[in-house]
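Inspection log for the structure reproduced underneath, given as structure tokens.
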Amino acid sequence: MRSIKRIVLATVVATMAFSMAGCKLIQKTPEAIQNTVLAKVGSEKITLGDVDAELKADIDYLKETYGDDFESKIDDELKAKLKEVRQQVLNALVEEKILYLEAEKKGLVPTQEELDKEVAERTAEIQEAWGGEEAFAQAKEYYGYTDETFKAFLEDQVVIQKVKDEMFKDINITDDQINKYYEEHKDEFVNYGQADSRHLLFKTEEEAKAASDKIKSGETTFDALFKEYEGNKAKSTATDATEEDKALPISEDLGTVSHNQQNFDPLFLEGLKPLKEGEVSEPVKSSFGYHIIEATNVTETTPKEFNDELKAQIKTTLENEEKKSIYETQLDSLEKEYKVKTYENRPVSYTHLRAHETLRHL
């Protein structure tokens with residue numbers, strides 16, 4: 001069986017039903033190093049060269065930056081990243097070899113005519129996702145593919161998908177399962193409330209409490225303090241800011257903030273959630289300091305309607321959970337059947353990490 005090629009196509013691959021998915025080197029030559037066997041699936045071997053071929057863009061980057069002997073020059077952090085990336089690829093190659101052998105055993109390999117048809121369809125989808133023929137050609141070159149090797153890669157992925165389809169053919173999610181899941185996860189199926197949010201941010205609790213007391217007593221207003229502190233953020237973040245500047249209270253208009261807003265401090269959101277229309281909070285502690293929050297245009301969190309769309313979403317969730325369980329169980333069994341062996345004491349022994357771009361941005 002030919003070596004299975006892979007490409008990391010991130011968001012493109014997620015929609016297309018195929019997976020995309022140092023140490024002291026004792027060999028004397030680069031060629032010998034690349035021929036180091038890292039795993040066996042039956043009589044099939046996976047070498048360091050096979051793994052690095054899948055990481056062509058990353059390896060080229062390292063060579064361009066550090067030279068051909070980059071592994072002796074990169075720092076420990078980058079070495080660890082490289083190990084992790086290689087492990088991801090090695091694991092994927094082992095799995096794909098297992099699944100291809102299983103397809104051959106079960107007679108699931110399509111005819112060449114069927115393969116050509118499915119490959120043409122997938123190629124067209126990927127080309128469109130990449131933004132056209134030229135961009136697609138550049139992507140293939142970047143990841144080290146020719147037209148022929150990319151076609152071979154897609155053929156392998158079609159075959160592998162046939163095995164997975166066979167594994168999952170008996171999955172049948174019932175209405176009772178969907179209803180039960182909904183009842184057990186009702187809190188997750190909501191339309192989250194939101195509010196237009198402004199805040200005052202203080203470095204210390206004492207400052208925040210003093211300002212809050214003044215607002216509550218009528219000595220000042222939230223609006224007045226907001227205007228007073230408006231210019232402080234630019235001053236406190238300036239390159240020549242003094243320690244006194246950095247300690248200044250600031251005011252910010254945060255726009256519309258959902259009660260489950262991503263990339264917001266959870267403690268801030270907990271302070272925002274209970275606020276009614278036009279209400280100003282007590283001091284709220286977060287990782288940034290102490291906030292006084294004002295909420296306007298408030299909407300409440302409400303349950304989602306248990307309609308066909310939500311039922312379909314739950315069904316997909318349950319199907320994916322079953323697929324994961326079935327796949328892991330069957331893969332464990334197939335690893336034993338095909339006598340998978342890995343060599344952890346050889347140049348790579350590492351754990352999963354998303355591959356491309358990771359190395360490039362250290």
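The values are calculated or read from the model by the stated rules, or taken from the named source; none is laboratory data. These figures come from a predicted structure and were not determined experimentally. So basically every Cβ, Gly included, is an ideal-geometry build from the backbone, and we count neighbours across all protein chains shown. Side chains are part of the model used for accessible areas, which takes the heavy atoms of the whole protein and leaves out ligands, DNA and RNA. Shrake-Rupley method; radii C 1.70, N 1.55, O 1.52, S 1.80 Å.
Quick notes
- Checked across segment 3-14, the condition of being open to solvent by 40 Å² or more (accessible area, probe 1.4 Å), assigned to a helix (DSSP H, G or I), modelled with pLDDT under 90 and in contact with a helix residue (DSSP H, G or I) (Cβ under 6 Å, 6 or more places away or on another chain) holds for no residue.
Residue by residue, here is whether (1) open to solvent by less than 20 Å² (accessible area, probe 1.4 Å); (2) in contact with a Gly (Cβ under 6 Å, 6 or more places away or on another chain); (3) of a type in the set (Val, Ile, Thr); (4) at pLDDT 70 or above holds:
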site: 1; (1), (2), (3), (4): no, no, no, no
site: 28; (1), (2), (3), (4): no, no, no, no
site: 56; (1), (2), (3), (4): no, yes, no, yes
site: 64; (1), (2), (3), (4): no, no, no, yes
site: 77; (1), (2), (3), (4): no, no, no, yes
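- Residue in segment 263-270 that is at pLDDT 95 or above, closer than 15 Å to residue 198 by Cα, among the aliphatic types (A, V, I, L, M) and open to solvent by less than 90 Å² (accessible area, probe 1.4 Å) present: yes
- On inspection, residue 68 passes the criterion of being over 21 Å from residue 338 (Cβ atoms) and not in a helix (DSSP H, G or I).
- Qualifying residue in segment 217-227 (condition: farther than 30 Å from residue 312 by Cβ, loosely packed, with under 13 Cβ neighbours inside 10 Å and modelled with pLDDT under 95): no
- Any hit, segment 75-84, residues being more than 22 Å from the chain's Cα centre (by Cα) and more than 23 Å from residue 338 (Cα to Cα): yes
- Exactly one residue among 323, 336 is of a type outside the set (S, T, N, Q), surrounded by 12 or more Cβ atoms within 10 Å (Cβ to Cβ) and under 30 Å from residue 170 (Cα atoms), and that residue is 323.
- Any hit, segment 285-308, residues being in a helix (DSSP H, G or I) and either open to solvent by 60 Å² or more (accessible area, probe 1.4 Å) or modelled with pLDDT under 95 (or both): yes
- Complete set of residues in segment 235-258 that are assigned to a loop (DSSP other than H, G, I, E, B) and either among the hydrophobic types (A, V, I, L, M, F, W, C) or under 15 Å from residue 203 (Cα atoms) (or both): 237, 238, 241, 242, 247, 248, 249
- Checking each residue in segment 121-150 for being in contact with a Leu (Cβ under 9 Å, 6 or more places away or on another chain) and open to solvent by 50 Å² or more (accessible area, probe 1.4 Å) picks out 129, 130.
- Within segment 190-207, restricting attention to residues that are of a type in the set (A, V, I, L, M) and farther than 30 Å from residue 244 by Cβ, the residue that is surrounded by the fewest Cβ atoms within 10 Å (Cβ to Cβ) is 190.
- Any chance residue 187 is acidic (Asp, Glu) and either open to solvent by less than 50 Å² (accessible area, probe 1.4 Å) or within 27 Å of the chain's Cα centre (by Cα) (or both): yes
- Restricting 97, 81 to residues that are open to solvent by 20 Å² or more (accessible area, probe 1.4 Å) and either in contact with a Leu (Cβ under 7 Å, 6 or more places away or on another chain) or not hydrophobic (A, V, I, L, M, F, W, C) (or both) narrows the list to 81.
- Residue 166 being assigned to a helix (DSSP H, G or I), over 29 Å from residue 323 (Cα atoms) and open to solvent by 20 Å² or more (accessible area, probe 1.4 Å): no
- Exclusive hit being out of contact with any Phe, Trp or Tyr (no Cβ under 7 Å at 6 or more places or on another chain) and not in a helix (DSSP H, G or I), set 196, 213, 223, 187: 196
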